[in-house]
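Here's the structure we're looking at; comments come further down.
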Amino acid sequence: MPHSPTPAPAPADVLWWQRGIVYQIYPLSFHDSNGDGKGDLDGIRQRLDYLAWLGVDAVWISPVYPSPMKDFGYDISDYCSIAQTFGTLEDFDRLLKEVHTRGMKLILDFVPNHTSDQHAWFLESRSSRSNPKRDWYLWRDASPNGGPPSNWLSQFGGSAWDYDAATGQYYYHAFLKEQPDLNWRNRQVREAMYDTLEFWLERGVDGFRMDVLWHLIKDDQFRDNPSNPGFQPGDSEHRRLLELYTTDRPEVHEVVAEMRELFESYEERLIIGEIYLPVERLVAYYGLERPGVHLPFNFQLIHAPWNACEIDRMIREYDERVPEEEWPNWVLGNHDQHRIATRVGEAQARVAAMMLLTLRGTPTLYYGDEIGMHDVAIPPERIQDPYEKNQPGLGLGRDPQRTPMQWDGGLHAGFSTSEPWLPLADDFYRRNVKALAEDAHSILTLYQRLIELRRRHGALSIGDYAQIMCQGQVLAFERFDATERLLVALNLSHEKVALPLAGGTLLLSTHLDRAGERIDGRCELRADEGVILELGGP
């Protein structure tokens, strides 16, 4: 595959993550280099030329640290090494070097809220009440009635408190009981975690995505959470309560500011925060009295109803709330959410791609979305996700969006030489990188062309945004800088529509035709079509 063109020159004060595109890899499912059915670091390294061809600027990989894998790497037993499943530190260093050789950045996933119950810190903490690390985790006596200390609930179902008979106290876990929460009010915990970040920053890692960042600090009085009046049948059990005392506590911003201070001692290192909060609370993580994370993940498009005027409202509200000196970002999918092709359908997934890659701010792509991968039904006997196992029947499992990358139409889709850890989609023989890269009208070709266009036009990558119209199911907005004005028009319906438009030249259609077509006074949008036009000219 040929390399993508060099991006247009950017102003000197524009940082790489402001003009760049982030690509998320779920490493268990990207490429298996050793035939054990699970993806690994060498597998990622072997596919870097594909990512360079696609044109992404940064690779974010989900956790690859040593772990009992109760939650597939989000239960870490050692923050400063690599799990045998994925390779070795030497494999990591080789991957990092080759990412940099191709002009890309490498972002690691970091899990600061909790460790594995097999981490040396927790083993010490639970060994006795007098152990020096006892206060590194959240230990409490039983309530007066003999039950858990508070009504706090686990994200994965049931009480968030687990009783330890050996020491006669409960410990708190926001997720699985095998994932005890750290006590971030303890200064020694903070320093130990900052040391682990520094370990990777010194190796040359370009940034971190911080898992469940808004969970880090809990109420120091351990008060009960209030009932949630919006709880609906079928919701995850933890939604019965409003997480008033377990998430988004004011003191968390002090922790984030300390992290930012560490990162500022290195050149252009990025902090991304995973924060599922309403936009008015989300933007506070850019920093209050002190700087915060560079990019608090904006998940609005994941949860938005596929309605043009509602999406337009969300875009405008978010754009207005992002502090003037900060930079926005957009996400269509990730390892925890249903795939975009499943949410909006195959045809609209192309329109969604154009939306993501033309809005103002840093876009993050989830592996496989560029080939239109969809959720895969997982047979009961092959379910892996504890979220589904602990609360069966609610459809909470995340395995369907974590299935192996589809590289070609051969054995196991070119992912592995043996049976993959999760089943493949039944359409992998036609929906795969090899086939779609050779198809001039495929969704993969569309993604590559969109990224190429974004890299070539500064108005798309770092320009300003202006709302133009929302009419029916058509959303239109303008991206512009000092040298050019581009109009993006998106038809979110399955019917053709027309919109009035001053003169312009069509640069790209999601149907991958019409390039160079002159538009004067009226633009026809076919069903499920988005277009990018260069305004002005003869």
> Restricting the search to segment 330-344, which residues are of a type outside the set (Phe, Trp, Tyr) and in contact with a strand residue (DSSP E or B) (Cβ under 6 Å, 6 or more places away or on another chain)?
Replying inline: 331, 333, 334
> Which one is nearest to residue 263 (Cα to Cα), of the residues in segment 281-297 that are of a type in the set (A, V, I, L, M) and in a loop (DSSP other than H, G, I, E, B)?
Replying inline: 293
>> Take the residues in segment 338-388 that are of a type in the set (Asp, Glu) and closer than 24 Å to residue 73 by Cβ; name whichever of them is surrounded by the fewest Cβ atoms within 10 Å (Cβ to Cβ).
In response: 381
> Out of all the residues in segment 451-478, which are buried (at least 17 other Cβ atoms within 10 Å of the Cβ) and either touching a His at 6+ places or on another chain (Cβ under 6 Å) or in a helix (DSSP H, G or I) (or both)?
Replying inline: 451, 453, 454, 455, 458, 459, 460, 461
> Residues of segment 298-309 being part of a helix (DSSP H, G or I), over 22 Å from the mean Cα position of the chain (by Cα) and surrounded by fewer than 19 Cβ atoms within 10 Å (Cβ to Cβ), which ones?
Replying inline: 309
>> Can you pull out every residue in segment 96-144 that is exposed (fewer than 14 other Cβ atoms within 10 Å of the Cβ) and among the acidic types (Asp, Glu)?
In response: 141
> What residue, among those in segment 313-351 that are in a loop (DSSP other than H, G, I, E, B) and of a type in the set (Asp, Glu), is nearest to residue 404 (Cα to Cα)?
Replying inline: 336
> Out of all the residues in segment 46-57, is one or more in a strand (DSSP E or B), at pLDDT 95 or above and in contact with a helix residue (DSSP H, G or I) (Cβ under 8 Å, 6 or more places away or on another chain)?
Replying inline: no
> Tally time: how many residues in segment 173-194 are over 23 Å from residue 261 (Cβ atoms) and either in a loop (DSSP other than H, G, I, E, B) or in the same structural domain as residue 221 (by TED's automatic domain parsing) (or both)?
Replying inline: 8
> Of all residues in segment 203-255, which are among the acidic types (Asp, Glu) and in contact with a strand residue (DSSP E or B) (Cβ under 7 Å, 6 or more places away or on another chain)?
Replying inline: 206, 211, 237
> Can you tell which of 208, 199 is touching a Phe, Trp or Tyr at 6+ places or on another chain (Cβ under 9 Å), farther than 18 Å from residue 173 by Cβ and loosely packed, with under 15 Cβ neighbours inside 10 Å?
Replying inline: 199
>> For segment 479-507, which positions are closer than 29 Å to residue 322 by Cα, buried (at least 19 other Cβ atoms within 10 Å of the Cβ) and not small (Gly, Ala, Ser)?
In response: 479, 486, 487, 488, 490, 491, 492
> If you go through segment 102-124 one residue at a time, how many are over 24 Å from the mean Cα position of the chain (by Cα) and of a type outside the set (A, V, I, L, M, F, W, C)?
Replying inline: 4
>> When the residues of segment 145-157 are narrowed to those that are surrounded by 15 or more Cβ atoms within 10 Å (Cβ to Cβ) and not aromatic (Phe, Trp, Tyr), which ends up nearest to residue 391 (Cα to Cα)?
In response: 157
> Which residues, taken from segment 206-234, are under 27 Å from residue 63 (Cβ atoms) and among the acidic types (Asp, Glu)?
Replying inline: 206, 211
>> Being small (Gly, Ala, Ser) and under 12 Å from residue 213 (Cβ atoms) is the filter here; which residues of segment 254-289 pass it?
In response: 273, 284
>> Here is a check on your reading of the model: is residue 498 of a type in the set (Gly, Ala, Ser), part of a strand (DSSP E or B), over 18 Å from residue 354 (Cα atoms) and out of contact with any Gly (no Cβ under 7 Å at 6 or more places or on another chain)?
In response: yes
> Does segment 422-435 contain at least one residue that is closer than 12 Å to residue 368 by Cα, part of a helix (DSSP H, G or I) and in the same structural domain as residue 373 (by TED's automatic domain parsing)?
Replying inline: yes
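The values are calculated or read from the model by the stated rules, or taken from the named source; none is laboratory data. All of these numbers come straight from a predicted model, not from anything done at the bench. Backbone-built Cβ (ideal geometry, glycine too); neighbour counts: all protein chains shown.
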